[in-house]
Amino acid sequence: MAVEPENQADLELEPVTESADVDAMIEVRDLTHYYGPMPAVENVNFTVRRGEILGFLGPNGAGKTTTMRILTGFMPPTRGTVTLDGYDVVEKSLEVRKRVGYLPESVPLHTEMTVTSYLKYMGTLRGMGGRRIRHRIDDVIDVCRLEDYSRTIIGKLSKGFRQRVGIAQAILHEPEVLVLDEPTIGIDPIQVVETRSLIQDLGQEQTVVLSSHILPEVSMICERVLIIHEGHIVAADTPNNLAQHLRGVAQLEVEIGGPPAEVLPVLRSVNGATEVTHHPRPGVNAYRIKFREGLDLRDEISRTVVSNGWSLLSMQMSSMSLEEIFLRVTTAEDDVE
Amino acid sequence: MRTIRAVAFKEIQIYFSSPVAYIVALIFMALSGFFFVRDLGNPFPEASLSNFFQGATFLLIPLAPALTMRLLAEEQKLGTIELLLTSPVRDWEVILGKYLASFVFLLFLLALTSYYVILLVAFATPDPGPIYSGYIGLILYGMAALAVGILTSTLTSNQIIAAVVGTGILVVLYATSFIGDVVTGVWATIFNQLGFTSHFNDFDRGIIDSTHIVYFVTVIALFLFLSIRALESRRWR
Ligand SMILES: Nc1ncnc2c1ncn2[C@@H]1O[C@H](COP(=O)(O)OP(=O)(O)O)[C@@H](O)[C@H]1O
Ligand SMILES: [Mg+2]
């Protein structure tokens, strides 16, 4: 919190939404975060629309938690901007935090408090008044089915019930945005089903961003899915389209010395290439070429490049195609359940 | 204000329901009681709390960090800090709330020692002046010690490290005045002015000097300010 909100009271204008999309609740632009020398997430861009349930799908270490910690104002990004309801998460952190309910991955709770006293504490931290807190505690205890445990010490609850307390505190103050980091990890299958339907209910009214490494789960709950891998968003679409898209596609990454404006159309004309994208990097032009599985375009592409007088600097089958990620993500479900 | 109260209230509840705080209270009462009665066996014992006050400043060196070690270190260890810092609470409200809770527990400890005052008044006729001023000095001294403990608890997620480093800083601040007694000239003044002890001793003698109050308030403000900055920078790690 570098800037105290009071000091800028007279600077406070209506929140400015830069994007044309007035429906955007969260806008993430060129988000990059480093913990050490390697980026945990790099140049991530996405938008979450109001009322949408967005799924963040990716294997462990993909950068889901990092992104969520930035969305919720827990830590500032190394680079890039994130706005929530028009408020910048760094400059207007307090405004952002008022609007967000958050369930961190490890469900950290004050284990020595009872469920009710913990919820009361969290409600006060969120600036709620005594009457509203009492009212809402009754509501969330009902919604999260904690009736029998309201006076229980949190430390004595099972993992599944702690998860419910975690969700209860996240929705207590009726936030506009719910951020849930792996909300179904480590709880038993029946509770998983209950939690999923609870999230779907909440998603009727709130904007929900949830992360998971389980593909079927995300497909089931979410209206839109981002697949994140090694800090990059590798796909973003509805669950249906993704499944379609992923079927039978392979990918090649090439670096070519030559003017992109000329290279691109030539690559696109290569027989079998379904999609070619240009990824300029410092000092080099990289291209990603997708083609139907079963083909091998390497020979053809290298000849084309050379015959045009350009230089072929590198070529490799993509270290992990969407399909492989998809596979890895799907197999992870077997580990868990 | 409401959030400061919420943070403080939660910690006070935990203080009064946790064994650690009661152990600290027990140790404090047992040992300060020892200091209180130490000279009573003399032929002409002095009807004052001076021995107790001197002993208490010594006891607070390990005990104040023991009281504060949990306050921020545990939140970092358990990850609950993630929910605390993503709530619409300002960093200084977190620090002040935690500090307030430890202060309330300090007041509770000192309230227990009113037992010594009662004994003294029952069996002798002490001069009330040094008792009042001594308590004022002890409260200021204790608050400064707690502020040091808050800082070390903010800097680490390990409670033991927080307590040990906090005690180390307090030992230095306590011993500095004694160095001032050994060296001469301008160094003597500097060391004397920097340390806790020389500022506390006037309170013990019944003197309430505003420079000593300013000293302790400055130390408290400095360490709380550093704690707030440390908590802020915690977001950048
Ligand atoms: N506090 C941290 N310090 C250093 N590296 C971290 C930290 N948190 C995450 N990382 C690294 O950043 C990458 C992304 O991690 P994370 O966002 O937790 O992924 P996910 O939640 O998708 O499993 C991983 O390589 C992880 O090792
Ligand atoms: Mg994670």
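The values are calculated or read from the model by the stated rules, or taken from the named source; none is laboratory data. Quick caveat: nothing in here was measured; it's all calculated off a predicted structure. Glycine also receives a Cβ, built like all others from the backbone with ideal geometry; neighbour counts cover every protein chain displayed. We work out accessible area using only protein heavy atoms, side chains counted, and drop any ligands, DNA or RNA first. Shrake-Rupley method; radii C 1.70, N 1.55, O 1.52, S 1.80 Å.
Using θ = phi - 60° and the Karplus curve 6.51 cos²θ - 1.76 cosθ + 1.60, what whole-Hz ³J(HN,Hα) does each residue of region B:114-119 get, with Gly and Pro shown as x?
4, 3, 5, 4, 4, 4
Share of Cα-Cα pairs in region A:67-145 beyond 17 Å, in percent? Don't skip to the end; give the middle numbers.
Numbers: 1728 of 3081 pairs.
Beyond 17 Å sits 56 percent of the P(r) for region A:67-145.
How large is the Kirkwood hydrodynamic radius of region A:167-263, counting all unique pairs of alpha carbons, in Å?
On the way: mean 1/r = 0.0626 Å⁻¹.
One over the average 1/r among Cα pairs gives 16.0 Å for region A:167-263.
Go through region A:151-249 and name the trypsin sites (Lys or Arg not before Pro) that are in a DSSP coil and have 12 or fewer other Cβ atoms within 10 Å of their Cβ. Before the final figure, lay out each step's value.
Details: sites: A:151, A:156, A:159, A:162, A:164, A:196, A:224, A:247; in loops: A:151, A:247.
When the trypsin sites (Lys or Arg not before Pro) of region A:151-249 are filtered for loop state and at most 12 Cβ neighbours within 10 Å, A:151, A:247 remain.
Taking only the alpha-carbon atoms of region A:12-244, what semi-axes of the equivalent ellipsoid follow from 5 times the gyration tensor eigenvalues under a square root, in whole Å, largest first?
Details: eigenvalues 158, 89, 55 Å².
Gyration-tensor ellipsoid for region A:12-244: 28, 21, 17 Å.
Given the protein chains as shown and a 1.4 Å probe, how many square angstrom of residue B:118 are accessible, to the nearest 10?
Result for residue B:118: roughly 110 Å² accessible.
So what are the ³J(HN,Hα) numbers for region A:41-48, from phi and the Karplus equation (6.51, -1.76, 1.60; θ = phi - 60°), rounded to whole Hz, Gly and Pro as x?
9, 9, 6, 8, 10, 6, 10, 10
Long-range amide H contacts for residue A:236: which residues qualify at under 5 Å (H placed 1.01 Å from N, peptide plane, sequence gap of 5 or more or a different chain)?
Here A:227 satisfy the definition.
How large a share of the accessible area of region A:249-319, in percent, is made up of carbon and sulfur atoms when the probe is 1.4 Å and the other protein chains stay in place? It would help to have the intermediate numbers written out before the result.
On the way: 1910 of 3920 Å².
Exposed carbon and sulfur together represent 49 percent of the surface.
Counting only pairs 8 or more places apart or on different chains, how many lysine pairs in the protein assembly as shown have C-alpha atoms closer than 24 Å?
Final tally of qualifying lysine pairs is 19.
By what distance, in whole Å, do the Cα atoms of region B:31-125 stretch along each of the three principal axes, largest value first?
So the three principal-axis extents are 62, 20, 16 Å.
In square angstrom, rounded to the nearest 10, how much accessible surface does residue A:137 have for a 1.4 Å probe?
10
May I ask you to evaluate 6.51 cos²θ - 1.76 cosθ + 1.60, the Karplus curve with θ = phi - 60°, for each residue of region A:190-195 and list the ³J(HN,Hα) values in order in whole Hz, giving x for glycine and proline?
5, 5, 4, 4, 4, 5
What is the mean projected area of the alpha carbon convex hull for region B:74-196, to one decimal in square nanometres?
Over all viewing directions, region B:74-196 projects a mean Cα-hull area of 10.8 nm².
Residue separation times 0.36 nm, minus the C-alpha to C-alpha distance between residue A:139 and residue A:238: what's the value? Before the final figure, lay out each step's value.
Working: separation 99, 0.36 × 99 = 35.64 nm, distance 3.22 nm.
Working it through step by step, the gained length comes to 32.4 nm.
What accessible area, in Å² to the nearest ten, does a 1.4 Å probe give for residue A:187?
The value for residue A:187 is about 20 Å².
Dividing the alpha-carbon Rg of chain B by 2.2 N^0.38 Å yields what? List each step's numbers first, then the result.
Values: Rg = 18.7 Å, N = 237, 2.2 N^0.38 = 17.6 Å.
Here the Cα radius of gyration is 1.06 times the empirical estimate.
Out of B:66, B:42, B:56, whose Cα points farthest toward the positive end of the dipole of region B:39-174 (charges: +1 Lys, Arg; -1 Asp, Glu; placed on Cβ)?
The residue sitting most towards the positive pole is B:66.
Carbon-plus-sulfur fraction of the accessible area of region B:2-236, 1.4 Å probe, in percent?
Numbers: 7450 of 10260 Å².
Looking at region B:2-236 in its full context, I get 73 percent from C and S.
Just the accessible area per residue of the protein assembly as shown, please: how many Å² with a 1.4 Å probe?
Numbers: 26160 Å² over 574 residues.
About 46 Å² of surface per residue is accessible.
Per residue, what volume in Å³ does the convex hull of the Cα atoms of the protein assembly as shown enclose?
Numbers: hull volume 118.6 nm³, N = 574.
Normalising the Cα hull of the protein assembly as shown by residue number yields 207 Å³.
Which of A:38, A:81, A:61 sits farthest toward the positive end of the charge dipole of region A:33-111, with +1 on the Cβ of Lys and Arg and -1 on the Cβ of Asp and Glu?
A:81
Ignoring ligands, DNA and RNA, please state the percent of accessible area on region A:12-244 from carbon and sulfur, probe 1.4 Å.
Numbers: 4580 of 9510 Å².
Carbon plus sulfur share of accessible area: 48 percent.
Would you list A:302, A:311 from the most to the least accessible area, probe 1.4 Å?
Numbers: A:302 35, A:311 55 Å².
These residues rank, largest area first, as A:311, A:302.
Could you let me know the centre-to-centre spacing of region B:184-216 and region B:17-54, using Cα atoms, in angstrom?
Centre-to-centre distance over Cα atoms comes out at 23 Å.
Let me know the mean shielding of A:119-129 by other chains, meaning the per-residue number of their Cβ atoms within 10 Å of its Cβ. Kindly include the intermediate steps, with their values, before the conclusion.
On the way: counts 0, 3, 6, 5, 2, 9, 14, 5, 6, 1, 1.
Per-residue shielding by partner chains comes out at 5.
Per residue of B:86-96, what is the mean number of Cβ atoms on other protein chains within 10 angstrom of that residue's Cβ? Provide the component values of the computation, followed by the final result.
Working: counts 16, 16, 14, 7, 6, 2, 2, 1, 1, 0, 0.
Taking the mean over all residues of the peptide, I get 6.
Mind putting a number on the dipole of region B:2-236 about its Cα centre? Charges go on the C-beta only, +1 for Lys and Arg and -1 for Asp and Glu, and I need it in Debye to the nearest 20.
Values: 12 positive and 14 negative charges, 139 e Å.
Dipole of region B:2-236, to the nearest 20 debye: 660 debye.
Rounded to the nearest 100 Å², what is the sum over both chains of accessible area buried where B meets A, with a probe of 1.4 Å? Don't skip to the answer; put the middle values down first.
Working: alone 11970 and 16970 Å², together 26160 Å².
Chains B and A together bury approximately 2800 Å².
Between residue A:112 and residue A:35, 0.36 nm times their residue separation minus their Cα-Cα distance comes to what? Present the calculation step by step, with values, prior to reporting the outcome.
Working: separation 77, 0.36 × 77 = 27.72 nm, distance 3.19 nm.
Separation in residues times 0.36 nm, less the Cα-Cα distance, equals 24.5 nm.
Taking a label point 7 Å from the Cα of residue A:223 along the Cα→Cβ vector, which residues of region A:64-90 have an amide N closer than 18 Å to it?
Zone members listed by number: A:84-86.
Provide, for q = 0.21, 0.24 Å⁻¹, the log10 of I(q)/I(0) from a solvent-free Debye sum over equal Cα point scatterers in region A:125-164.
-0.73, -0.86
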